[in-house]
Amino acid sequence: MTTTRFAPSPTGYIHVGNLRTALMNYLIARKAGGTFILRIDDTDPERSKEEYVDAIKQDLEWLGLHWNRVERQSERLDRYAEAADKLRAMGRFYEAFETPTELDLKRKKQLNMGKPPVYDRAALSLSQPEKDALRAERGNGVWRFKLDHERIEWADGILGDISIDAASVSDPVLIRGDGQVLYTIASVVDDTEMGVTDVVRGSDHVTNTATQIQIIEALGGNCPRFAHHSLLTGPQGEALSKRLGTLALRDLREQGVQPMALLSLMARLGSSDPVELRADMAELIDGFDVTRFGAAPTKFDVQDLFPLTAKHLQSLPLADVADAVAAAGVPADLAAPFWTMARENITTLADLKGWWELCRDGAEPLIADEDRAFIAQAIELLPEGPYDGDTWGIWTKAVKETTGRKGKGLFMPLRKALTGMERGPEMATLLPLLQVIRARA
Ligand code: GLU
């Protein structure tokens, strides 16, 4: 049974980078008819906030990424303590007392000598009295997992065959001096006990994965299949990490981005398949294949979301946008024709308001000097309301016959006089919606 999880730390709002991870795990689970767990990685009591837990849930719900259940690491601390005891009993866990400054110094020395900055395991050779003395002086040490110095290998679902020399990696700290359990072990215990079969996460976790594989093996668990997706960059290939704060899902929602636009882009960006707007989640699930993604950094341009949003909106029936149409001020009896006119001419639903204002108040006419007489003549020929879909055709035919104008010379001045713009909606659709024609005055 396929089980995946999305495991955000509730220390901030989730952004497009997190979404990529969430979506891939979600789609794998749904495609296989499996389970998708929302796991809240909240072992850090200082930085984890309840408001972010709520926000993460809201954002996922907005997108329709529904989870089968929620797990919280803060409620599973006893499980992690048990695993730590097991590693201790096995001789794979040792206490180390170096201060951050000491570690920093060691790293600098190693780098100066052209060596990789790997923890030198000095703590392994401490005698019991030395440890007691250090503990008395500095308090509890950190607990490090003793890696087996051999190659760690796995077939990565995106990166292909990976082989990492464990000797090039520092023994990971799994428990801090203050007793706080760190993600590396908590995640392993959860993935194992919750039967997680597939883990997709960012390629910044590749080294973690190597150490986690050894921890899973030491604890006698089954390794999930791992896949590491590339990290997102800005449109020019610049690092996105600093700007991700401005690419929070809630900001995109505020800007009017539609969920299907965002999901459609994210399900394909960085893969060998083209980005196409999908109609619904079922289509996304159907067309998803994690092995189609590549290792190269993936360029993300927030602007790409707007044409997709526009295209998605165009496809919607009035029922799906009725609230937004009403909120723009459109009276119920005009909602249907208004939506037919507006849907082709909006990028986001926020644009509806402007189109309704144009219908309600009329536009400031745009009339070139050489067209003044023509417009005056045309307005004379404008039939009395109410107008319908045929009015524009009937009217322009009459204007053409009277003035002799045709083509662009006929239509463009009329459009500009009625809408104040050079392009916009189909005039035949718009005319019956115009409550005021200011060019008439
Ligand atoms: N909380 C971790 C993170 O947000 C989860 C990583 C993982 O998927 O294992 O980076």
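Worth pointing out:
Table: residues versus (1) under 24 Å from Leu308 (Cα atoms); (2) at pLDDT 95 or above; (3) surrounded by 19 or more Cβ atoms within 10 Å (Cβ to Cβ).
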residue: Ala332; (1), (2), (3): no, yes, no
residue: Met341; (1), (2), (3): yes, yes, yes
residue: Ala350; (1), (2), (3): yes, yes, no
residue: Leu358; (1), (2), (3): no, yes, yes
residue: Asp369; (1), (2), (3): no, yes, no
residue: Leu381; (1), (2), (3): no, yes, no
residue: Val399; (1), (2), (3): no, yes, yes
residue: Lys416; (1), (2), (3): no, yes, yes
residue: Leu433; (1), (2), (3): no, yes, yes
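- All positions within the stretch 384-397 that are open to solvent by 40 Å² or more (accessible area, probe 1.4 Å) and either more than 20 Å from Pro337 (Cα to Cα) or in contact with a helix residue (DSSP H, G or I) (Cβ under 6 Å, 6 or more places away or on another chain) (or both): Asp388, Gly389, Lys397
- Residue that is farthest from Ala296 (Cα to Cα) [pool: residues in the stretch 159-170 that are assigned to a strand (DSSP E or B) and touching a strand residue (DSSP E or B) at 6+ places or on another chain (Cβ under 6 Å)]: Asp165
- Gln128, sole failed condition from (1) touching a strand residue (DSSP E or B) at 6+ places or on another chain (Cβ under 7 Å); (2) over 28 Å from Arg39 (Cβ atoms): (1)
- Complete set of residues in the stretch 171-202 that are open to solvent by less than 40 Å² (accessible area, probe 1.4 Å) and either more than 16 Å from the ligand (Cβ to nearest atom) or part of a helix (DSSP H, G or I) (or both): Asp171, Ile175, Gly177, Thr184, Ile185, Ala186, Ser187, Val188, Val189, Asp190, Asp191
- Subset tally (residues that are outside any helix (DSSP H, G or I) and not charged (D, E, K, R)) for the stretch 370-402: 6
- Which numbered condition Pro297 misses (of (1) modelled with pLDDT under 95; (2) open to solvent by less than 20 Å² (accessible area, probe 1.4 Å)): (2)
- Evaluation of Thr209 against the conditions (1) polar (S, T, N, Q); (2) open to solvent by less than 30 Å² (accessible area, probe 1.4 Å); (3) away from the ligand (no atom under 13 Å from the Cβ); (4) touching a strand residue (DSSP E or B) at 6+ places or on another chain (Cβ under 6 Å) shows that the sole unmet condition is (3).
- Residue match in the stretch 216-233 (condition: modelled with pLDDT under 95 and basic (Lys, Arg)): no
- Residues in the stretch 52-62 that are among the aliphatic types (A, V, I, L, M), more than 12 Å from the ligand (Cβ to nearest atom) and buried (at least 21 other Cβ atoms within 10 Å of the Cβ): 1 in all.
- Every residue from the stretch 1-51 that is open to solvent by 50 Å² or more (accessible area, probe 1.4 Å) and in a helix (DSSP H, G or I): Arg30, Lys31, Glu50, Glu51
- Residue ID - surrounded by the most Cβ atoms within 10 Å (Cβ to Cβ), chosen from residues in the stretch 212-240 that are away from the ligand (no atom under 13 Å from the Cβ) and among the aliphatic types (A, V, I, L, M): Leu232
- Inter-residue pairs, beta-carbon under 6 Å, first more than 13 Å from Ser187 (Cα to Cα) and among the aromatic types (Phe, Trp, Tyr) and in the stretch 34-46, second away from the ligand (no atom under 12 Å from the Cβ) and open to solvent by 10 Å² or more (accessible area, probe 1.4 Å), 6+ apart: Phe36/Tyr26; Phe36/Trp67; Phe36/Asn68
The values are calculated or read from the model by the stated rules, or taken from the named source; none is laboratory data. This structure is a prediction, so every number in the text was calculated from the model and none was measured. Neighbour counts are summed over all protein chains in view; Cβ atoms, including those assigned to glycine, are modelled from backbone coordinates with ideal geometry. With ligands, DNA and RNA removed, areas are computed over all heavy atoms of the protein, side chains included. Shrake-Rupley method; radii C 1.70, N 1.55, O 1.52, S 1.80 Å.
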